[in-house]
């Protein structure tokens, strides 16, 4: 009789322990889960007229290319390699930005709508509905405590779409550079890592230039110092 009571008490204790442990784990997961948005979107614009003397220009194609560049950076991000300029060592600045993955214009999750021609600019709203692959990307970026940084970059109006992409790229480079300055007293030889657009970037024009402002999530993979001056 005593043995049976002991056995029942053990089962009840184990069951209570199991329920409490399950509740605790579920609560912890809920508190630390990173919510994945249903889609990523951004307002994009390009110039609706070509610069005189340049090659034939398709504003819609330019708008689509710009939209895909921005959305790819918001969803998947880029790998980068950066060499800061160093006059004392006669080293020129170098920055390489490589997409982790690129969104194809044929991807059914991608759309470009609300297209409007407003004077010198063609506007549109770009959107990408997240699928299983992009959800995994968001979970990855939410699983590590990434650093944040911001930067401003410039491009030339006469370079049209290339100038706009250059403005975004220079802004990202500036964000990496500002963060590196904060953590490294001496200029490194090479910095490598990965970045992702934290939110929708801003683009505006001023006196023949296009100017981009970005906020990024940043993960430094490696910092290689100069071993000898």
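Taking the centroid of alpha carbons for each part, the range 40-97 and the range 133-153 are 19 Å apart. If you wrap the tightest convex hull around every Cα atom of the range 101-165 and split its volume per residue, you get 139 Å³.
Starting from the Cα of residue 88, step 7 Å toward the Cβ, then list every residue of the range 173-212 with an amide N under 16 Å from that point. Residues 181, 184-190 qualify, since their backbone N sits under 16 Å from the label point.
If I take all pairs of Cα atoms in the range 34-224, what percentage of them are more than 29 Å from each other?
Details: 4633 of 18145 pairs.
Cα-Cα pairs of the range 34-224 separated by over 29 Å account for 26 percent.
If I take R0 = 25 Å and measure r between the Cβ atoms of residue 61 and residue 100 in this structure, what FRET efficiency does the formula 1/(1 + (r/R0)^6) give, to the nearest 0.05? Working from the Cβ atoms, E equals 0.55.
FYI, it's all coordinate maths here, none of it is from the lab. Since the structure is predicted, the reported quantities are computational estimates derived from the model, not experimental observations. Note that each Cβ is placed from the backbone with ideal geometry, even for glycine, and that neighbours are counted across all protein chains shown.
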